[in-house]
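A short write-up of the structure that comes next.
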Amino acid sequence: MIPLVDLKANYRRHRTAIDAAMRDVVENTSFIQGPALKDFERDFAAFCRTGYAIGVGSGTAALHLALAAVGVGPGDVVAVPAHTFIATIEPVSWLGATPRFVEIDPETGAMDPAALKSAIDGVRAVLPVHIHGRPAHLNEINAIAADAGVPVVEDAAQAHGAELTGPDGSVLRAGGAALAGCFSFYPGKNLGAFGDAGAITTNDPEFAAKVRMLRDHGRTTKYEHEIIGYAHRMDTLQAAVLGVKLTTLDADNARRAELMARYERLLAGVGDLWFVGETPGRRSVHHHALLRTAHRDALLASLREAGIGSGIHYPVPLHLQPAYAFLGHGRGDLPLTEAWADECLSLPLYPELTEEQQDRVVYAVVSFFNRVA
Ligand SMILES: *Cc1c(COP(=O)(O)O)cnc(C)c1O
């Protein structure tokens, strides 16, 4: 068996340091906003090259707080892609606002700036997603949003450490390319906790202060609550785990890139396989080893039979989800997004994957295409 992600192999690598860091939190009973959280926030801000990072309860909570802090509220419209996980838009709905789905750029799967431009009227905020760990078109999106006078919040839940070149030529990291970045530390993410956790990054001190207040019951002091907030704090235990794993994240992302390049090399010209590929000025952190093929469902079944884990990220675009049927969308509304959902498949990819294991995945994929051809 080769799993899609191997969290046990990851724990074995970090076991001694993680066990010690967790024991420290437990022995000090510093469970809520303890020192390990403050340390992690400092280190994660440095990693993202942002002024601030605020630890929260999950990636979804990060999106909820960031949208609340920019003032998204009842009746507002938020521009989002439909090719993403549903957590991108649930917080939009919680705040009484409505998602407006923007078509993707078929080369990268991310929000298409041209489509955003024609959808920007009446939008209160723009929420692009660095889907699969690939930086979205932030320069173009920031310019369009700035013209319209609306803020941009990055869904960076899959993109810890992804890089893009800013308009002035400087290299920015995901979470530092707009007003705020929202990260998830769900266990399977590039940086994963031992449960739910997330973070918001920003360079704006006032925004950071507002998010800090919102995550913790709108508090200014223990029993003074300036605004109605939320219970969206990150557990100190999770911060302790994340602090250990953060020390190898750059190396882990480099290993993912190496393995992804190896997949692309070994599978080049096989069947109708299509890979996104790297684009100039941007560096992906390959949250998913994503490919596209018209034979997706048969390939998935064949890999499953061979004991190889694979995934579909994501099979049903958000505009076609039953939960959002009330928006009145149907098939054909976002053809590029729908084609992506029909054809995409993710192969096993994690830093601990060995080349021998990867060779077995490649062999299974090649054998499949030898049979269908
Ligand atoms: C994982 C994910 C989220 C949600 O994060 P959680 O930590 O699971 O709440 C949001 N957006 C995207 C794109 C994600 O992949």
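Cα-Cα over 18 Å: which of Lys189/Lys245; Lys8/Lys38; Lys210/Lys245?
Beyond 18 Å between Cα atoms: Lys8/Lys38; Lys210/Lys245.
Averaged per residue, what accessible area in Å² does region 1-159 show with a 1.4 Å probe, protein chains only?
38
Give me the percent relative contact order of region 117-189, please, defined on Cα pairs under 8 angstrom at least 6 residues apart.
Over region 117-189, the number comes to 31 percent.
Search the structure for amide H atoms under 5 Å from the amide H of Ala110, placed 1.01 Å from N in the peptide plane, and list their residues when 5 or more places away or on another chain.
HN-HN under 5 Å from Ala110: Asp105.
When Rg is the radius of gyration of the Cα atoms in region 110-240 and Rh is its Kirkwood radius, what does Rg/Rh come to?
Ratio of gyration radius to Kirkwood radius for region 110-240: 1.01.
For the residue pair Lys117 and Thr248, what label-to-label distance in nm results when each label sits 7 Å from Cα along the Cα-to-beta-carbon direction?
Once both label points are built, they end up 4.5 nm from each other.
Just need the relative contact order of region 249-372 here, percent rounded to a whole number, with Cα pairs under 8 Å and 6+ apart.
34
Given R₀ = 51 Å, what would the calculated FRET efficiency be for Tyr11 paired with Lys222, taking r from the Cβ atoms and rounding to 0.05?
0.90
Sort out the exposed loop trypsin sites (Lys or Arg not before Pro) in the chain (DSSP loop, at most 14 other Cβ within 10 Å) and tell me the longest stretch that has none.
Answer - 1-221.
Sorting check: for 343-353, 266-276, which peptide has the highest mean count of neighbouring beta carbons within 10 Å, and how do the rest follow?
343-353, 266-276
Of all accessible surface on the chain at a 1.4 Å probe, what whole percent is carbon and sulfur?
Accessible surface attributable to carbon and sulfur in the chain totals 54 percent.
Taking 0.36 nm per intervening residue step and subtracting the Cα-Cα distance, what contour gain separates Phe275 from Arg23 on full extension?
86.4 nm
Kindly write out, for region 300-311 in residue order, the coupling ³J(HN,Hα) from the Karplus curve 6.51 cos²θ - 1.76 cosθ + 1.60 (θ = phi - 60°), rounded to whole Hz, with x marking Gly and Pro.
Here the 3J(HN,Hα) series is 4, 5, 5, 5, 4, 4, 7, x, 10, x, 9, x Hz.
Please go through region 178-228 and write out the chymotrypsin sites (Phe, Trp or Tyr not before Pro) that DSSP classes as loop and that have at most 12 other C-beta atoms within 10 Å.
Listed in order of number, the matching sites are Tyr223.
Would you pull out the residues with amide H under 5 Å of Glu154's amide H, same chain only if 5 or more places away, H placed 1.01 Å from N?
Ala180, Gly181, Cys182
How much length would be gained if the chain were fully extended between Asp147 and Glu355, taking 0.36 nm per residue of separation minus their Cα-Cα distance, in nm to one decimal?
Between Asp147 and Glu355, full extension yields 70.1 nm more.
Just need the Rg to Rh number for the chain, please, alpha carbons only, Kirkwood Rh.
0.97
What is the distance in Å between the Cα centroid of region 337-355 and that of region 41-96?
With region 337-355 and region 41-96 each reduced to a Cα centre, they are spaced 25 Å.
For region 288-294, just list the computed ³J(HN,Hα) in residue order, Karplus coefficients 6.51, -1.76 and 1.60, θ = phi - 60°, integers in Hz, with x standing in for Gly and Pro.
Going residue by residue, I get 10, 8, 8, 9, 10, 7, 6 Hz, with x marking Gly and Pro.
For a test of the definition: using alpha carbon positions, the gyration tensor, and the 1.5 limit on a/c, classify region 45-194 as rounded, prolate or oblate.
rounded
Once you keep just the Cα pairs under 8 angstrom separated by 6 or more residues, what percentage relative contact order results for the chain?
22
Are there GluC sites (Glu not before Pro) in region 257-311 that DSSP marks as loop and that have at most 16 other Cβ atoms within 10 Å, and which are they?
Glu278
Would you kindly derive the ³J(HN,Hα) couplings of region 199-213 from the backbone phi angles with the Karplus curve 6.51 cos²θ - 1.76 cosθ + 1.60 (θ = phi - 60°), listing them in order in whole Hz, with x for Gly and Pro?
Going residue by residue, I get 8, 10, 10, 6, 9, 9, x, 5, 5, 4, 5, 5, 5, 4, 5 Hz, with x marking Gly and Pro.
Would you grab the residues whose amide H sits under 5 Å from the one on Ala197? Only those 5+ places off in sequence or on another chain, please, with H modelled 1.01 Å from N.
Residues meeting the criterion, in which the H sits 1.01 Å from N, are Gly59, Phe185, Tyr186.
Rounded to two decimals, what ratio of Rg to Rh does region 249-372 give with C-alpha atoms and a Kirkwood Rh?
Across region 249-372, the Cα-based Rg/Rh ratio is 1.01.
As a check on your grasp of the helix formula, calculate [θ] at 222 nm for the chain: sum -39500 (n - 2.57) over DSSP H runs of n ≥ 4, divide by the residue count, round to the nearest 500.
Calculated from helices alone, the mean residue ellipticity at 222 nm is -12500 deg cm²/dmol.
The values are calculated or read from the model by the stated rules, or taken from the named source; none is laboratory data. Being a predicted model, the structure only gives us computed values, none of them experimental. Please note: Cβ atoms are built from the backbone with ideal geometry, for glycine as well, and neighbour counts cover all protein chains shown. Side chains included, ligands, DNA and RNA excluded: accessible areas come from the protein's heavy atoms. Shrake-Rupley method; radii C 1.70, N 1.55, O 1.52, S 1.80 Å.
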